[in-house]
1. Can you tell me which residues in the range 41-65 are touching a Gly at 6+ places or on another chain (Cβ under 8 Å), buried (at least 17 other Cβ atoms within 10 Å of the Cβ) and of a type in the set (G, A, S)?
2. For the range 104-152, enumerate the residues that are buried (at least 16 other Cβ atoms within 10 Å of the Cβ), aliphatic (A, V, I, L, M) and in contact with a strand residue (DSSP E or B) (Cβ under 6 Å, 6 or more places away or on another chain).
3. Mind checking which strands (runs of 3 or more DSSP E) fall wholly inside the range 1-109 and carry at least 3 residues that are farther than 17 Å from A142 by Cβ?
4. Being farther than 17 Å from S33 by Cβ, of a type in the set (A, V, I, L, M) and more than 14 Å from the ligand (Cβ to nearest atom) is true for just one of A78, A116. Which residue is that?
5. Is it the case that some residue within the range 56-72 is in contact with a Lys or Arg (Cβ under 7 Å, 6 or more places away or on another chain), in contact (Cβ under 8 Å) with a residue 12 or more places away in the chain and among the small types (G, A, S)?
6. Can you run down the residue pairs with Cβ atoms below 9 Å, 6 or more apart or on separate chains, where the first is in the range 20-39 and over 16 Å from V70 (Cβ atoms) and the partner is at pLDDT below 95?
7. Consider N94 carefully, then state whether it is within 12 Å of the ligand (Cβ to nearest atom), over 25 Å from L171 (Cβ atoms) and either without any contact (Cβ under 8 Å) to a residue 24 or more places away in the chain or surrounded by 14 or more Cβ atoms within 10 Å (Cβ to Cβ) (or both).
8. From A111, A140, which residue is at pLDDT 95 or above, within 16 Å of the ligand (Cβ to nearest atom) and among the hydrophobic types (A, V, I, L, M, F, W, C)?
Amino acid sequence: MSNRGGGDHPKIQLVRGDITKQVVDAIVNAANSSLLGGGGVDGAIHRAAGPELVQHCRLLGGCQTGQAKVTPGFRLTARWIVHTVGPVWRGGTNGEPEQLASCYRESLARADEVGATSVAFPAISTGIFGYPIRAAAHIAVATVRTAATSVGVVRFVCFDDETWDAYESELDRP
Ligand code: ADP
């Protein structure tokens, strides 16, 4: 694990691993707009949290792209799950960067509302939704670095080498 930054904005940590195993107050799910589960990290989180999660999510009425909604973590170590819906990559000129930045801001806003001070994020939109990892890592880091939030620690959880490399080079930039 590597620690970066400090001061008024969240301290940033970078780890390799599985987000469902993180010991933090809240983990973020890269969900789809139904909030009823899917593949990738969404499927892993639903499997680890247990069937209570989808039952709870059915009451939420879905979620729009760039927005976020919070649920309990159920069987996870994390007390909360913040579900956010990233943009599907359609070339980058259809509002995708703004929507992806909004996912990070809105997720931190939901974390603030429930009093979570440590939050783990996956690389939202960079799997099934096709967002190029380097561009996505740039937005993730820039948005978290400048976020107005009470969250003290943000952990980026990298599932593969390419994701780790993209965040690593982004964090090395001033
Ligand atoms: P999206 O639909 O937003 O693209 P995906 O789940 O397909 O979401 O992928 C988002 C990122 O999450 C990808 O980098 C993928 O490798 C990663 N990922 C998949 N499973 C996990 C997991 N258990 N923990 C952390 N990251 C994961």
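The values are calculated or read from the model by the stated rules, or taken from the named source; none is laboratory data. Not measured: the values here are computed from a predicted model. So basically every Cβ, Gly included, is an ideal-geometry build from the backbone, and we count neighbours across all protein chains shown.
1. Correct list: A49 only.
2. If the condition is that a residue be buried (at least 16 other Cβ atoms within 10 Å of the Cβ), aliphatic (A, V, I, L, M) and in contact with a strand residue (DSSP E or B) (Cβ under 6 Å, 6 or more places away or on another chain), then A111, A116, V119, A120, I124, V144, V151 are the ones that fit.
3. Values: elements: 2-4, 11-16, 26-31, 68-72, 80-85.
Output list reads 26-31, 68-72, 80-85.
4. The conditions single out A116.
5. Checked against the condition, which is being in contact with a Lys or Arg (Cβ under 7 Å, 6 or more places away or on another chain), in contact (Cβ under 8 Å) with a residue 12 or more places away in the chain and among the small types (G, A, S), the range 56-72 yields at least one hit.
6. N32/G38
7. No: the conditions fail for N94.
8. Going through A111, A140 in turn, just one is at pLDDT 95 or above, within 16 Å of the ligand (Cβ to nearest atom) and among the hydrophobic types (A, V, I, L, M, F, W, C): A140.
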